[in-house]
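The values are calculated or read from the model by the stated rules, or taken from the named source; none is laboratory data. Note that this is a predicted model, so its numbers are computed, not measured. Positions of Cβ are backbone-derived with ideal geometry, glycine not excepted, and every protein chain shown enters the neighbour counts.
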Amino acid sequence: MKTKFLLLFILTTSFTFSQRITESIQSKKLEEERTFTVSLPPNYEFDVEKKFPVLVLLDGEYLLNPFDGILKYGNYWDDLPEMIIVAINQNYDEKRFDDSDYDGTGLPSGKGAKFFEFIGFELLPYIEGKYRTQPFRIIAGHDTTASFLNFYLYKDDPVFNGYISLAPELAPQMDKRVAERLAIIKKPIFYYLAIGQGDLTDIIQGAKSLDKNISAIPNKTFSYQFDQFKGATHYSLVAQAIPQALYFIFQGYQPISMMEYKEKIATLDKGYTQYLIDKYTKLEEKFGLKLKPRLTDFKAIEAAILKNKAYLELQDLSKYAEKQYPKTTLGTYHQALYYEKSGEFKKASKEYKKGYALTEIREITRSFMLDKSESLKDKEDKSTVEEYAEPLPEENGEEKKEGE
C-alpha cells in the first residue's frame, strides 16, 4: 500500500512539475543568453484546441509562485482563466537593474532599451510561435521592474493589454507620462497600481502622484485600480496585491453569482437572454476568450425568466442554447418548457420527447425528458401566452444587413 501511494505521489508530482519548463533564448538584442520559466496551465495538454492569454513576469524568480498559485486557485473555482506564464529570470548579477536602465530624461537607455526590445521582438514572438496563445497579454513587476513595464505604454500600440505595477520606483516624469499615454491610447488597457502603507517614502509619493494624474483623466477609455494596503510593507504588499490585480483585470469573467443575479438580472423587465449573450460577447471582445457559456449561467437566466413570468424569452434561450450546445437536450428543454409554461401541453410533450435522441447534458437526461413528456401528454391545452412578436437580438450583430 505504501509503495502504491509513493508511486502515485511521484507520478502526481512529476505531472505538476512537468507544467513548468525552463527555456533560454540567445538574444541578438542583448547579445547574451537569457533564461525564463514557462508555466503551462494544467489543462494545456488535454484541451489541445484551446488557446491561452499570456502573463509575462519580470522578477520571475520570486513572482512566479504567488501568481501561479492565485491563478490556479481562481481557475479551480472558475473565477479566473488559465494563463501561460512566462517568468523572466533577473535576480542575479544586478541584472534586474541593468534591464530597467533609463537615462536622465526618464526613457529606456543602454541595457534597458535592449531589454525592452528583447521582450517585444524576441521573447513574445518565441512564446507565441511555440505555444497556443491568445492575443491578450499582461505584464507584471515589482519596484524597479514595476517602473520598467510602464515604458510599454509609451508606444502608440502597446504590446500588452494589462499592467500590474507593484510598488514602482518610477523613472523621471513617469507619473505624468503614464497618465498622458493612458488618456490617448485607443486599445483597451487594464492598469493596476499598488503600494504598501509602510513602503518607502519615494515610492509612496510617486505612486500617489501617478494615481492623482490618472484619476484626473476625464472620460476614461481604460480600466484602472489603485490600492494602498494598510499595514503592508514593500514586500508583503505583493501577496495582497496579486489577487486584487488579477480579479480586477478579469472582472466579469466569473460565473453569474447570487449577487449579480439579484442586483442585475432578476431586476430586469426584459432582455434576460440578451444579458447572457452580452456577457460572453464582452468576454471575447475584452480578452479574446471564446468561452462556451456556462451551464450554471443558463440556469440563472432560466430562473430569472420563470421568476418574472417572461416565458416568451425561453424561446430566445432555446435558440442560444442550440447554437452553443448543438444536438444536446439543453435547447430542446427550453423550447419544451416554453410550451409548457404557455399552456400548450401537447406541443410541450412532443418537444420533451425529442430529448430521447439527443445528447444528455447534466440533469437534463433522456429519462427526465421522457418523464416530462409522459406527464403532459394527456393534459388539456390552456394557452396563456401570445405569439412572440419581437425577433431574437442577434449575437454580435452577425446577421445584420450590411450598412445597418
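All of Lys282, Lys323 fail the test of being at pLDDT 95 or above, assigned to a helix (DSSP H, G or I) and surrounded by fewer than 21 Cβ atoms within 10 Å (Cβ to Cβ), apart from Lys323. Of all residues in the stretch 201-216, those being within 25 Å of Ile138 (Cβ to Cβ) and either among the acidic types (Asp, Glu) or surrounded by 15 or more Cβ atoms within 10 Å (Cβ to Cβ) (or both) number 10.
Could you tell me whether Leu153 is in the same structural domain as Ser109 (by TED's automatic domain parsing), without any contact (Cβ under 8 Å) to a residue 60 or more places away in the chain and over 26 Å from Pro53 (Cα atoms)? Spelling it out, it is not the case that Leu153 is in the same structural domain as Ser109 (by TED's automatic domain parsing), without any contact (Cβ under 8 Å) to a residue 60 or more places away in the chain and over 26 Å from Pro53 (Cα atoms). Scanning the stretch 121-141 for residues that are among the hydroxyl-bearing types (Ser, Thr, Tyr) and either within 15 Å of Tyr163 (Cα to Cα) or in a strand (DSSP E or B) (or both) yields one hit, Thr133. In the stretch 125-147, the residues that are among the basic types (Lys, Arg) form Cβ pairs under 6 Å with partners that are modelled with pLDDT of 95 or more, at six or more places apart or across chains, as follows: Arg137/Val54; Arg137/Phe160; Arg137/Asn161. Among Phe15, Phe9, which is the only one that is hydrophobic (A, V, I, L, M, F, W, C), modelled with pLDDT under 95 and within 26 Å of Ile242 (Cα to Cα)? Answer to the check: Phe15.
Would you call Phe298 crowded, with 18+ Cβ neighbours inside 10 Å, touching a residue at least 12 places away in the same chain (Cβ under 8 Å) and under 11 Å from Thr273 (Cβ atoms)? Criteria met by Phe298.
Suppose the filter is modelled with pLDDT of 85 or more, under 39 Å from the mean Cα position of the chain (by Cα), surrounded by fewer than 16 Cβ atoms within 10 Å (Cβ to Cβ) and part of a helix (DSSP H, G or I); does Tyr352 pass it? Answer is no for this residue.
Residues that are within 21 Å of Leu200 (Cα to Cα), of a type in the set (Gly, Ala, Ser) and in contact with a helix residue (DSSP H, G or I) (Cβ under 7 Å, 6 or more places away or on another chain) are absent from the stretch 242-256. From the list Gln274, Gln244, pick out the single residue that is in a helix (DSSP H, G or I), surrounded by 15 or more Cβ atoms within 10 Å (Cβ to Cβ) and not assigned by TED's automatic domain parsing to the domain that holds Asp371. Just a single option satisfies the conditions, and that option is Gln244. When Leu170, Leu182 are screened for being closer than 25 Å to Ser236 by Cβ and not β-branched (Val, Ile, Thr), only Leu170 passes.
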